[in-house]
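Beneath this line is the structure, given in structure tokens, with notes to follow.
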Amino acid sequence: MRTLVFIPAWNEEASVAAVIADVRRELPRTDILVVDDGSIDATTARARECGVLVATLPFNQGLGAALQTGYLYALREGYDFCAHLDADGQHPPAEVARLLAEVEADRADLVIGSRYRDPDAEASADDYRPTLSRRIGTGVFRFFLTLATRQRFTDTTSGMRAANRRVMSLFSENYSPDFAEIESLQLAVREGLRVEEVPVRMLERAGGSSFLTPLRSAFFIFKGVVVLLVGQFRPRRHAEAER
Amino acid sequence: MSLPFAADATQVHLTSQTRVVAAVIAIFFMLLILELIRRDRLQERYSVIWFVAGLGMLAGAAFPGLLELVADLMGVRDTNVALFSIVLLLLLGLALNFSVIMSRQAAQITRLAQERAIEKARAQAAEAHNGNGSSGEQPLEPEEERLQG
């Protein structure tokens, strides 16, 4: 059984090496691929120094295209399972291992790590705390995605996921470059795949900064709602027939 | 009060001057299209739509009755207004057409970038496998892309 962990990275030279080291320690039996989304800094060089595979996109294509590159690579190279996590150090690889365990046990086709963790778990100082605009956006997306999929999701924009080959073949064909996270969830549910959410611990980012300013957040939310609405009327594809 | 065709009362026709100007512009326009194709600045497949537009312009200038009929159908008294509306709609359609083409090409470019990134990663993997051997010349699977069509 072969597993690929891929890490989309855009200008993450400060944190990528540490993330790779973490993944190596926590998931020693997986292959690691860094997808460099056209960084203008030394992300590719840092990753290569660590001795992992690097797929460098010739220009910045957006997170969706970077993730799709990872799914495509996993599919082509015949991996049984794949997982991805952010390169900024927010996602502890130990939690990724828990997501992978779910798909390996065939309890789900796609597993999402939700940062909105168990309310009964005890909090620690470096835990993730969302900002106000993030909380509003989360609420809106949660509402509309739940409406669209009739399934409860708490963390719609999580970039920590694990998947099997069914998901790889779906996502390597259809993955919106603009609005990757939410639309992909909707798509997977519509195609009849089993999507599961697992509460995980996330940390404050180690390097880089969030791209979300209030105005951008508003636009992001608006775009997301439109995307979800349009997605409801898309023709269904093939995945359902495969099962 | 209510007229089936608002244009019935006093119709405003195209003057012969407008017709001549329109015909001349249409002919120059089509010549420009031909010249662009000849110099390989415009691909044939994108020229058809422009050529049809030029022919339409010429037809409108040669047979003003055609335009007046359309103006009547639109319920527009002034034939010139009908003309402008038609042209506006045509341009809107063209702009949309280009957005569709652009989207398709953006998807193709993305896939091309992904394929190249994957090939590089594969070459790197092959190189590591051969212990920094001769080269990363590994035959790649002929993956026919599903983006076309």
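The values are calculated or read from the model by the stated rules, or taken from the named source; none is laboratory data. The shown structure was predicted, so the numbers you read here are calculated from the model rather than taken from an experiment. Cβ atoms come from the backbone with ideal geometry, glycine included; neighbour counts cover every protein chain shown.
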### Task
Working only within the range B:37-82, note down all residues that are in contact (Cβ under 8 Å) with a residue 24 or more places away in the chain, loosely packed, with under 15 Cβ neighbours inside 10 Å and of a type in the set (Gly, Ala, Ser).
B:Ala62, B:Gly75
### Message
I'd like to check which helices (runs of 4 or more DSSP H) are fully inside the range A:151-243 and have at least 2 residues that are within 14 Å of the chain's Cα centre (by Cα) and modelled with pLDDT of 85 or more.
### Response
A:165-173, A:180-190
### Selection status of A:Gly62, within 13 Å of another protein chain (Cβ to nearest Cβ), among the small types (Gly, Ala, Ser), at positive phi and within 17 Å of the chain's Cα centre (by Cα)
yes
### Query
What residue, of A:Val34, A:Val16, is in contact with a Cys (Cβ under 9 Å, 6 or more places away or on another chain), facing another protein chain (nearest Cβ under 10 Å) and over 22 Å from A:Asn174 (Cβ atoms)?
A:Val34
### Query
If A:Leu63 passes every condition in (1) within 22 Å of A:Ser114 (Cα to Cα); (2) surrounded by 24 or more Cβ atoms within 10 Å (Cβ to Cβ); (3) among the aliphatic types (A, V, I, L, M) but one, which one does it miss?
(2)
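Just to confirm my filter: which helices (runs of 4 or more DSSP H) fall fully inside the range B:33-132 and include at least 2 residues that are under 22 Å from the mean Cα position of the chain (by Cα) and within 14 Å of chain A (Cβ to nearest Cβ)? Walk me through it before giving the result.
Details: elements: B:44-62, B:64-74, B:79-129.
Result: B:79-129.
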